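Accompanying notes for the structure given below.
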Amino acid sequence: MLLDRQAYDQEKLARIQLSGQTVTGLVFEDCTFESCSFVECRFDRCRFLRCRFTDCVLSALMPQDSRFIEVTFTRCKVIGVDWTVASEMRELDFQRCQVHYSNFRFVKSPSIKLVACEATEADFTEADLHGGDFRDTDFENARFFKTNLTGADFRGARNYAIDVTNNTVTRARFSLPEAISLLGGLDITIE
(Lines give C-alpha, C1' and ligand atoms only; values in the text may rest on other atoms or scores of the structure.)
Protein backbone atom coordinates (compact mmCIF):
# COMPACT_ATOMS: atom_id res chain seq x y z
CA MET A 1 0.00 0.00 0.00
CA LEU A 2 1.33 3.40 -0.93
CA LEU A 3 0.35 6.62 0.76
CA ASP A 4 -1.45 8.08 -2.24
CA ARG A 5 -4.11 10.23 -0.51
CA GLN A 6 -3.83 13.44 1.51
CA ALA A 7 -6.00 12.29 4.43
CA TYR A 8 -6.59 9.01 6.25
CA ASP A 9 -9.26 8.61 8.93
CA GLN A 10 -9.81 5.54 11.14
CA GLU A 11 -7.81 3.28 8.86
CA LYS A 12 -5.51 0.36 9.52
CA LEU A 13 -2.27 0.74 7.60
CA ALA A 14 -0.20 -2.45 7.65
CA ARG A 15 3.20 -3.46 6.31
CA ILE A 16 3.95 -0.15 4.57
CA GLN A 17 7.63 -0.13 3.63
CA LEU A 18 9.19 3.26 2.86
CA SER A 19 12.90 3.96 2.94
CA GLY A 20 14.55 7.33 2.42
CA GLN A 21 11.39 8.93 1.04
CA THR A 22 9.66 12.22 1.81
CA VAL A 23 6.00 12.19 2.79
CA THR A 24 4.49 15.70 2.63
CA GLY A 25 1.33 17.24 4.08
CA LEU A 26 -0.57 14.05 4.91
CA VAL A 27 -3.12 13.90 7.74
CA PHE A 28 -3.72 10.73 9.76
CA GLU A 29 -6.58 10.72 12.29
CA ASP A 30 -7.37 7.75 14.53
CA CYS A 31 -5.25 5.47 12.33
CA THR A 32 -3.40 2.31 13.27
CA PHE A 33 0.00 1.50 11.77
CA GLU A 34 1.06 -2.14 12.12
CA SER A 35 4.42 -3.65 11.16
CA CYS A 36 5.31 -0.63 9.02
CA SER A 37 8.83 0.54 8.23
CA PHE A 38 9.75 4.21 7.71
CA VAL A 39 13.55 4.09 7.72
CA GLU A 40 15.30 7.41 7.02
CA CYS A 41 12.02 8.94 5.86
CA ARG A 42 11.06 12.56 6.17
CA PHE A 43 7.54 13.42 7.32
CA ASP A 44 7.20 17.02 6.18
CA ARG A 45 4.23 19.01 7.59
CA CYS A 46 2.25 15.84 8.37
CA ARG A 47 -0.30 15.48 11.19
CA PHE A 48 -0.79 12.38 13.32
CA LEU A 49 -3.81 12.73 15.59
CA ARG A 50 -4.75 9.90 17.98
CA CYS A 51 -2.75 7.35 15.99
CA ARG A 52 -1.21 4.05 17.13
CA PHE A 53 2.02 2.53 15.85
CA THR A 54 2.58 -1.15 16.73
CA ASP A 55 5.69 -3.19 15.86
CA CYS A 56 6.90 -0.45 13.50
CA VAL A 57 10.39 0.76 12.58
CA LEU A 58 10.80 4.54 12.43
CA SER A 59 14.60 4.71 12.54
CA ALA A 60 16.31 7.97 11.58
CA LEU A 61 12.91 9.49 10.86
CA MET A 62 12.81 13.28 10.30
CA PRO A 63 9.43 14.67 11.50
CA GLN A 64 9.96 18.12 9.93
CA ASP A 65 7.22 20.59 11.00
CA SER A 66 4.91 17.65 11.75
CA ARG A 67 2.41 17.36 14.60
CA PHE A 68 2.03 14.32 16.86
CA ILE A 69 -1.00 14.59 19.15
CA GLU A 70 -2.04 11.63 21.36
CA VAL A 71 0.15 9.17 19.48
CA THR A 72 1.05 5.78 20.94
CA PHE A 73 4.06 3.68 19.94
CA THR A 74 4.10 0.04 21.12
CA ARG A 75 7.09 -2.29 20.59
CA CYS A 76 8.49 0.11 17.98
CA LYS A 77 12.04 1.01 17.02
CA VAL A 78 11.99 4.81 17.10
CA ILE A 79 15.77 5.12 16.91
CA GLY A 80 17.73 8.27 16.11
CA VAL A 81 14.66 10.49 15.65
CA ASP A 82 15.23 14.25 15.91
CA TRP A 83 12.02 15.31 17.68
CA THR A 84 13.27 18.91 17.87
CA VAL A 85 12.12 19.58 14.28
CA ALA A 86 8.51 18.54 14.94
CA SER A 87 6.13 21.50 15.21
CA GLU A 88 4.09 19.98 18.05
CA MET A 89 4.21 16.94 20.32
CA ARG A 90 1.50 16.31 22.91
CA GLU A 91 0.67 13.21 24.90
CA LEU A 92 3.20 10.91 23.26
CA ASP A 93 3.14 7.40 24.67
CA PHE A 94 6.04 4.99 24.07
CA GLN A 95 5.48 1.46 25.45
CA ARG A 96 8.27 -1.18 25.27
CA CYS A 97 10.02 0.80 22.52
CA GLN A 98 13.62 1.43 21.57
CA VAL A 99 14.23 5.19 21.44
CA HIS A 100 18.03 5.02 21.36
CA TYR A 101 19.91 8.11 20.14
CA SER A 102 16.72 10.16 19.86
CA ASN A 103 16.90 13.93 20.32
CA PHE A 104 14.37 15.57 22.65
CA ARG A 105 16.49 18.72 23.31
CA PHE A 106 14.33 21.76 24.17
CA VAL A 107 11.15 19.77 23.42
CA LYS A 108 8.05 20.70 25.39
CA SER A 109 6.16 17.47 25.92
CA PRO A 110 4.53 17.40 29.34
CA SER A 111 3.11 14.05 30.43
CA ILE A 112 5.17 12.14 27.88
CA LYS A 113 5.33 8.40 28.55
CA LEU A 114 8.37 6.22 28.00
CA VAL A 115 7.39 3.05 29.86
CA ALA A 116 9.54 -0.11 29.80
CA CYS A 117 11.62 1.41 26.99
CA GLU A 118 15.30 1.48 26.11
CA ALA A 119 16.58 5.06 25.74
CA THR A 120 20.32 4.60 25.34
CA GLU A 121 22.06 7.92 24.63
CA ALA A 122 18.77 9.80 24.19
CA ASP A 123 19.15 13.56 24.75
CA PHE A 124 16.65 15.32 27.02
CA THR A 125 18.68 18.53 27.51
CA GLU A 126 16.49 21.50 28.52
CA ALA A 127 13.31 19.57 27.67
CA ASP A 128 10.06 20.18 29.56
CA LEU A 129 8.90 16.69 30.50
CA HIS A 130 7.03 17.53 33.69
CA GLY A 131 4.55 14.88 34.72
CA GLY A 132 6.27 12.32 32.49
CA ASP A 133 6.02 8.58 33.09
CA PHE A 134 9.42 6.88 32.73
CA ARG A 135 8.79 3.72 34.75
CA ASP A 136 10.98 0.69 34.03
CA THR A 137 12.97 2.46 31.29
CA ASP A 138 16.69 2.02 30.75
CA PHE A 139 18.40 5.42 30.36
CA GLU A 140 21.96 4.24 29.81
CA ASN A 141 24.11 7.25 28.82
CA ALA A 142 21.00 9.43 28.32
CA ARG A 143 21.54 13.17 28.89
CA PHE A 144 19.48 15.19 31.36
CA PHE A 145 20.61 18.81 31.79
CA LYS A 146 18.33 21.65 32.83
CA THR A 147 15.45 19.27 32.18
CA ASN A 148 12.09 19.89 33.85
CA LEU A 149 11.15 16.57 35.45
CA THR A 150 8.71 18.01 37.99
CA GLY A 151 6.34 15.26 39.11
CA ALA A 152 7.92 12.69 36.77
CA ASP A 153 7.77 8.99 37.67
CA PHE A 154 11.09 7.11 37.46
CA ARG A 155 10.10 4.12 39.60
CA GLY A 156 11.83 1.03 38.28
CA ALA A 157 13.88 3.08 35.80
CA ARG A 158 17.59 2.37 35.68
CA ASN A 159 20.95 3.67 34.48
CA TYR A 160 19.86 7.31 34.64
CA ALA A 161 22.34 10.04 35.58
CA ILE A 162 20.27 12.98 36.76
CA ASP A 163 22.16 15.75 38.54
CA VAL A 164 19.62 17.16 40.99
CA THR A 165 21.48 20.50 41.04
CA ASN A 166 21.07 21.01 37.26
CA ASN A 167 17.59 19.54 36.70
CA THR A 168 14.18 20.23 38.24
CA VAL A 169 13.04 17.09 40.05
CA THR A 170 10.49 18.51 42.51
CA ARG A 171 7.86 15.88 43.41
CA ALA A 172 9.46 13.35 41.05
CA ARG A 173 9.25 9.70 42.11
CA PHE A 174 12.25 7.36 42.19
CA SER A 175 12.83 3.90 43.61
CA LEU A 176 15.76 2.25 45.34
CA PRO A 177 18.43 1.20 44.67
CA GLU A 178 18.74 3.38 41.53
CA ALA A 179 17.74 6.54 43.43
CA ILE A 180 21.17 6.45 45.11
CA SER A 181 22.58 7.77 41.80
CA LEU A 182 20.82 11.09 42.49
CA LEU A 183 23.44 11.83 45.14
CA GLY A 184 26.23 11.84 42.53
CA GLY A 185 26.13 15.58 41.80
CA LEU A 186 26.06 16.68 45.44
CA ASP A 187 29.83 16.53 46.18
CA ILE A 188 29.29 14.35 49.23
CA THR A 189 30.89 11.19 50.56
CA ILE A 190 28.76 8.24 51.61
CA GLU A 191 30.43 5.66 53.82
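The values are calculated or read from the model by the stated rules, or taken from the named source; none is laboratory data. Owing to the predicted nature of the structure, the values given are computational and were not obtained by experimental measurement. For neighbour counting, all protein chains shown are included, and Cβ atoms are generated from backbone atoms with ideal geometry for every residue, glycine included.
Determine which member of the set L176, L182 is of a type in the set (A, V, I, L, M), at pLDDT below 95 and assigned to a helix (DSSP H, G or I). Among L176, L182, only L182 is of a type in the set (A, V, I, L, M), at pLDDT below 95 and assigned to a helix (DSSP H, G or I). For the stretch 112-159, the set of residues classified as closer than 21 Å to V81 by Cα, in contact with a Lys or Arg (Cβ under 6 Å, 6 or more places away or on another chain) and outside any loop (DSSP other than H, G, I, E, B) consists of V115, D123, D128, D133, D138, listed by residue number. As a summary of the residue check, G132 satisfies the conditions (1) touching a Ser or Thr at 6+ places or on another chain (Cβ under 8 Å); (2) surrounded by fewer than 24 Cβ atoms within 10 Å (Cβ to Cβ) except for the one numbered (2). Might you let me know whether the stretch 76-88 holds any residue that is of a type in the set (G, A, S) and touching a Pro at 6+ places or on another chain (Cβ under 9 Å)? Yes: the stretch 76-88 contains one or more residues that are of a type in the set (G, A, S) and touching a Pro at 6+ places or on another chain (Cβ under 9 Å).
So which of F43, F38 is in contact with a Ser or Thr (Cβ under 6 Å, 6 or more places away or on another chain) and either more than 24 Å from R90 (Cβ to Cβ) or part of a strand (DSSP E or B) (or both)?
Values: F38 fails: in contact with a Ser or Thr (Cβ under 6 Å, 6 or more places away or on another chain).
Within the list F43, F38, the selection yields F43.
Residues in the stretch 65-88 that are in a loop (DSSP other than H, G, I, E, B) and of a type in the set (A, V, I, L, M, F, W, C): V71, C76, V78, I79, V81, A86.
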